[in-house]
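Heads up: the structure comes next, in structure tokens.
The values are calculated or read from the model by the stated rules, or taken from the named source; none is laboratory data. Treat the numbers as computed from the prediction; the structure is a model and nothing was measured. Virtual Cβ from ideal backbone geometry, glycine too; neighbours counted across all protein chains shown. These accessible areas exclude ligands, DNA and RNA; they are computed on the full protein's heavy atoms, side chains included. Shrake-Rupley method; radii C 1.70, N 1.55, O 1.52, S 1.80 Å.
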Amino acid sequence: MKKFLFGLAIAAVGLSLSANDKLSYNYVQFGLIHSAGELTSDKSGYNFDISLEWTDSIYWRTRYNTQSADVWAAGQKADVDASEFGLSLGYHGAMTRSSDFFAELGYIRQDATDVIPQSTYGNDEDGFIGTLGVRTRWAADWESSIYASYRDIDISDYVDEARYEDDDTSYGIEVRYSLSPSWSLGLSIGEEATGDTSQLNIRFSF
């Protein structure tokens with residue numbers, strides 16, 4: 001039911017909006033990520049993010065995230081590397097002259113290495129993710145965005161599902177400053193699947 005309602009919301013809003021040419025959906029981005037640990041150490045890593053417009057309102061987005069954490073479970077300790085690949089189809093439409101609504105629906109795949117039994121972090125399964133948000137260019141060099149996501153992904157047998165740190169909902173905010181027409185720096189904070197997360201990224205738009 002959650003999948004159906006999320007998809008219906010994307011379709012309904014999409015029919016009522018048109019494209020905004022003040023915000024670019026053609027970019028390549030690299031970022032450094034840090035997430036607070038709960039049953040693990042803090043997690044650190046990086047991500048790549050590529051977005052390409054297909055039409056004036058439709059775009060493809062692919063992303064790759066990887067983070068590492070020390071995990072203690074079943075009397076053992078391991079340095080777990082957890083990665084996630086995603087491919088989404090997105091829609092964006094103008095709400096005002098400087099703001100866009102956007103919606104994405106796509107596939108995600110998670111992979112982990114050095115995982116121990118009853119781990120609270122790391123997974124080797126796949127599923128889907130949906131995201132809704134708003135982007136706003138509120139000054140010539142400044143942009144912000146807010147978003148909320150829901151994911152439905154299977155959990156591997158070796159994971160302690162009751163104590164697993166990843167969550168199925170996430171939300172956050174990003175502020176972006178343009179260094180030039182093509183280059184910009186972004187800082188985001190939010191509650192991601194891996195916990196309280198902050199990210200610093202650099203983006204090249206084209």
*So for the pair Glu191, Arg97, with labels modelled 7 Å out along Cα→Cβ, what separation do we get in nm?*
3.7 nm
_Give me a comma-separated list of calculated 3J(HN,Hα) values for the stretch 194-206, in order, Karplus coefficients 6.51, -1.76, 1.60 applied at θ = phi - 60°, integers in Hz, x for any Gly or Pro._
8, x, 4, 10, 10, 9, 10, 9, 10, 10, 10, 9, 9
*Step through the residues of the stretch 92-101 one at a time and calculate ³J(HN,Hα) from phi using the Karplus curve (6.51 cos²θ - 1.76 cosθ + 1.60, θ = phi - 60°), rounding each to whole Hz and writing x for Gly and Pro.*
9, x, 6, 9, 9, 5, 10, 10, 10, 8
*Would you kindly find the accessible area of Thr169, with a 1.4 Å probe and non-protein molecules such as ligands, DNA and RNA excluded, rounding to the nearest 10 Å²?*
60 Å²
*What is the pair-distance distribution P(r) of the chain, computed from all Cα-Cα distances in 10 Å bins starting at 0, with each bin given as a whole percent?*
9, 34, 34, 18, 6, 0
*Please give the helix 2-14 orientation as an angle from the longest Cα principal axis of the chain, in degrees from 0 to 90, rounded to the nearest 10.*
20 degrees
*Enter the accessible area per residue of the chain (Å², integer; probe 1.4 Å; all protein chains in place).*
51 Å²
*Run a plain Debye calculation on the stretch 97-206 (Cα atoms as equal point scatterers, no solvent) and give log10 I(q)/I(0) at q = 0.11, 0.13, 0.21, 0.23 Å⁻¹, rounded to two decimals, same order as the q list.*
-0.46, -0.61, -1.14, -1.25
*For the stretch 123-139, Karplus couplings with θ = phi - 60° (6.51, -1.76, 1.60), whole Hz, Gly/Pro x*: 7, 9, 9, 9, x, 10, 9, x, 9, 10, x, 9, 10, 9, 9, 9, 7
*Obtain the nm distance between the two label points defined at Asp114 and Ile202 by a simple spin-label model: each point lies 7 Å from its Cα along the Cα-to-C-beta direction.*
2.8 nm
*Fraction of accessible area attributable to carbon and sulfur, the chain (%, probe 1.4 Å)*: 60 percent
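Calculated FRET efficiency, Ile50 and Trp72, Cβ-Cβ r, R0 30 Å, to nearest 0.05?
So, using R0 = 30 Å, E works out to roughly 0.25.
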_Which one, Phe48, Gly37, His92, is farthest towards the positive end of the dipole of the chain when Lys and Arg carry +1 and Asp and Glu -1 on their Cβ?_
His92
